[in-house]
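Each value in this text was obtained by applying a stated rule to the coordinates, not by laboratory testing. Keep in mind it's a predicted model, so treat the numbers as computed, not measured. Every residue, glycine among them, receives a Cβ derived from its backbone with ideal geometry; neighbour counts consider all protein chains shown.
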Amino acid sequence: MAETGYHAVGKRKSAIARVWLRPGQGNITINKISMDRYIPRETAKMVIRQPLDLTETGDQFDVYVNVRGGGISGQAGAIKHGISKALIEFNPDFRDKLKKAGFITRDARIKERKKYGQRSARARFQYSKR
């Protein structure tokens, strides 16, 4: 049975992206909407395209993404992570190049929880001696 596509999951902050790579002309579809309509920021679009540009596979695959949670920046990072993992599934030789660029590593920075007895995660209530 021939495999027609490659699937991976990428994460960043609270965003989770499920990514499918299928042979095509280089179209990127996010939540059934074209990337140009879904993401307004050029920097976020550039972040999403980085793994495809680095491996020079931008025009070989159509990218289909289902992403939930987080904001535009977190979703863009999650999509980049997912595309990188799917490209490694396509060609394991890309791993060294993507690893050196830092695209495989999961960015684990998330919001710190609020603690009881405090105003926020680290800020305390104001203290007055008298």
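Couple of notes before you dig in:
- Test: residue in the stretch 26-49 that is of a type outside the set (A, V, I, L, M) and closer than 19 Å to T105 by Cβ: yes
- Condition broken by F90, with the remaining ones in (1) in contact with a strand residue (DSSP E or B) (Cβ under 6 Å, 6 or more places away or on another chain); (2) of a type outside the set (V, I, T); (3) closer than 22 Å to A108 by Cβ satisfied: (3)
- Candidates in the stretch 62-119 are the residues that are without any contact (Cβ under 8 Å) to a residue 60 or more places away in the chain and among the aromatic types (F, W, Y); of these, the one that is nearest to M46 (Cα to Cα) is F103.
- Selection status of N91, surrounded by 11 or more Cβ atoms within 10 Å (Cβ to Cβ), of a type in the set (S, T, N, Q) and over 22 Å from A15 (Cα atoms): yes
- Residues of the stretch 1-51 that are within 14 Å of A86 (Cβ to Cβ) and small (G, A, S): G5, A8, G10, A17, G24.
- Criterion (over 24 Å from I30 (Cβ atoms), surrounded by 11 or more Cβ atoms within 10 Å (Cβ to Cβ) and touching a Leu at 6+ places or on another chain (Cβ under 7 Å)) met by exactly one of K115, K97: K97
- Condition broken by F103, with the remaining ones in (1) surrounded by fewer than 14 Cβ atoms within 10 Å (Cβ to Cβ); (2) aromatic (F, W, Y); (3) within 19 Å of S14 (Cα to Cα) satisfied: (1)
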